[in-house]
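S.K.: Provided herewith is a single structure, encoded as structure tokens, for subsequent inquiry.
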Amino acid sequence: MRRYLSVTIPLALLAGSSTLAQSPFPYYAPKLRNSKDGEVQDFPLGVLSATGRLQHGATAITVMDVGPDGPGQRAGLRVGDAIVAIEGKAMPPYSSDLDAELMGPQTALATALDEACSRPHPKLKMTVARNGQQVPLEVALPASPRYARTFPLQCPKAAAYRRAAYQWLIDHQRSDGTWPGHIGGANRLLSQPSSFACGARDGVNSDT
């Protein structure tokens, strides 16, 4: 089936756990700085606790920020790295065209994270370009079930993210009724309950 989600969903900071309280990693707020003309697209790297950037035609994800003590940093991911391959496979080019359904490296990474997090020993192998060299990384990930084929309906993982999102909003609402600005707005958070963490979807075809 085909699934559609924004690559800039703030819930990526859930880091693949069913609730925020259960996450084994520190809270991470993605550092999103998209260009007004749409030339670049920043998006959360989900459970990696990092922020990536894409340009039209890019086949690699440029790492713009890495959260302290998250899965990415623990595996050796650095700011300035370019993720060029996932599990030894190159990624398709990113297109900012609307009819391209945001297919590209972000979708390949989402799919790989979703699958890797569901393994008995969840790990993901990536290759990054750094200072002219190809550097292999192996990222240990928190365990998480895959999204259901019926997503977003009858999907336990999506339901868990919704519950965690609602609870986070309750716990962090300010006395004036607002929330911290970095979550991107409560309406957006509530309307897009699933995330890029451990494989949220961006026009992904999946049989699972």
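S.K.: Amide H of residue 85: which non-local residues (sequence gap of 5 or more, or other chain) have their own amide H closer than 5 Å, using H built in the peptide plane?
M.R.: The answer is 127.
S.K.: Assuming 0.36 nm per residue, please report the length gained on full extension of the stretch residue 176 to residue 89 beyond their Cα-Cα distance.
M.R.: Contour length minus the Cα-Cα distance gives 26.4 nm.
S.K.: Cut-off is 10 Å between beta-carbons; in what order do 27, 161 appear when sorted fewest neighbours first?
M.R.: Final ranking by Cβ density, sparse to dense: 27, 161.
S.K.: Once the Cα atoms of the stretch 39-80 are picked out, what are the Rg and Dmax in Å?
M.R.: Final numbers for Rg and Dmax: 10.3, 31 Å.
The numbers here are math on the coordinates, done by the rules we state, and not lab data. Bear in mind the structure is a predicted one, so any value in this text is a computation, not a measurement. Don't worry about glycine lacking a Cβ; one is built from the backbone with ideal geometry, like all the others, and counts go over all protein chains shown.
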